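Structure first, commentary second.
None of the figures in this text is laboratory data; all of them are computed from the coordinates on show. Every value quoted in this text rests on a predicted model; they were computed, and no experiment measured them. Every residue, glycine as well, gets a Cβ built from its backbone with ideal geometry; the counts of neighbours run over all protein chains shown.
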């Protein structure tokens with residue numbers, strides 16, 4: 001019998017971290033510089049204008065200042081400093097530590113790690129400020145589009161069973177395509193987080209086989225994972 005552990009891989013933004021709290025504060029902070037907060041949303045797409053498609057704060061600030069006609073290095077630096085302070089100030093309130101600890105305690109036979117995609121300095125600062133890094137065995141960062149799949153492949157090679165909890169529809173669809181044999185063999189479970197605080201337009205409209213929707217890390221999600229592990233053990 002395999003001695004490998006079961007692994008739960010938890011995404012960060014929108015899965016256990018209410019990114020809305022931070023982004024709304026970043027948006028509002030522009031007013032202190034005589035900039036319209038509306039510029040935040042108007043230039044948001046430009047903030048992801050890089051080969052890997054992740055959100056980049058420096059690119060976003062540059063786009064905001066360009067649109068406002070105020071391309072000033074000193075102003076760019078000041079806004080970046082304010083946004084960094086907001087991460088430190090707000091990350092703990094955007095993360096439900098009680099829910100996360102209860103989730104872990106309910107599944108003592110599973111190792112839990114964080115796997116997050118994005119600009120690594122930004123992601124690390126949010127994770128560090130939230131305190132979740134101290135609650136898991138490891139935190140993995142990737143800024144590559146296929147970085148999560150590469151990690152999941154490594155995990156499936158090392159662990160008997162792997163559970164992925166992630167909010168984003170497109171990556172989950174890709175996980176299902178890539179790891180369909182493991183899903184069908186009962187070695188890989190894909191849970192799609194649909195938090196109430198996530199924009200409804202970005203949630204999956206119609207469920208599909210192979211991806212299980214969940215709304216939090218409460219008892220319902222714990223039971224889904226237990227059923228998956230019990231089925232595999234029989």
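Can you work out the FRET efficiency for the pair residue 169 and residue 74, with r the C-beta to C-beta distance and R0 = 41 Å, to the nearest 0.05?
On the way: r = 40 Å, r/R0 = 0.98.
E(calc), rounded to 0.05, equals 0.55.
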Practice problem: Round to the nearest 10 and give me the degree value, 0 to 90, for the angle of helix 57-68's Cα axis relative to the longest principal axis of the chain. | Solution: 40
Quiz item: Is the shape of the stretch 19-90 best called rounded, prolate or oblate, per the rule: a/c under 1.5 gives rounded, else a/b larger than b/c gives prolate, else oblate, with a ≥ b ≥ c the square roots of the Cα gyration tensor eigenvalues?
Solution: rounded
Self-check item: Tilt relative to the chain, helix 219-233 - C-alpha long axis, 0 to 90 degrees, to 10
Solution: 40
Quiz item: Taking R0 as 45 Å, what's the FRET efficiency between residue 85 and residue 156 from their Cβ-Cβ distance, rounded to 0.05?
Solution: 0.70
Quiz prompt | Global geometry of the stretch 178-234, whether rounded, prolate or oblate, following the gyration tensor of its Cα atoms and the 1.5 cut on a/c | solution = oblate
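Add -39500 (n - 2.57) for each DSSP H run of 4 or more in the chain, then divide by its residues: what number comes out at 222 nm, to the nearest 500 deg cm²/dmol?
Working: 10 runs with 109 residues, N = 234.
That comes out to -14000 deg cm²/dmol.
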Quiz item: How far is helix 19-29 tilted off the main Cα axis of the chain, in degrees rounded to 10, range 0 to 90?
Solution: 0
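State the extension gain, in nm to one decimal, for the chain segment bounded by residue 145 and residue 113, taking 0.36 nm per residue of separation less the distance between their alpha-carbons.
Working: separation 32, 0.36 × 32 = 11.52 nm, distance 1.91 nm.
So the chain would gain 9.6 nm between residue 145 and residue 113.
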Quiz item: Given 0.36 nm per residue, what is the gain on full extension from residue 215 to residue 137 after removing their alpha carbon distance, in nm?
Solution: 25.7 nm
Self-check item: Ordering of 65-78, 83-96, 10-23 by burial proxy (mean other Cβ atoms within 10 Å per residue, highest first)
Solution: 10-23, 83-96, 65-78
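How far, in nm, would the chain grow between residue 177 and residue 121 when pulled straight, counting 0.36 nm per residue and subtracting the alpha carbon separation? Display every interim value, and only then the final one.
Numbers: separation 56, 0.36 × 56 = 20.16 nm, distance 3.00 nm.
Answer, rounded to one decimal: 17.2 nm.
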Quiz item: Taking the Cβ-Cβ separation of residue 62 and residue 20 as r and a Förster radius of 30 Å, what is the calculated FRET efficiency to the nearest 0.05?
Solution: 0.80
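Starting from the Cα gyration tensor of the stretch 100-162, take the square roots of the eigenvalues, sort them a ≥ b ≥ c, and report rounded, prolate or oblate (rounded when a/c is under 1.5, otherwise prolate if a/b is larger than b/c, else oblate).
Working: a/c = 3.05, a/b = 1.10, b/c = 2.78.
Oblate, because a/c is 1.5 or more while a/b does not exceed b/c.
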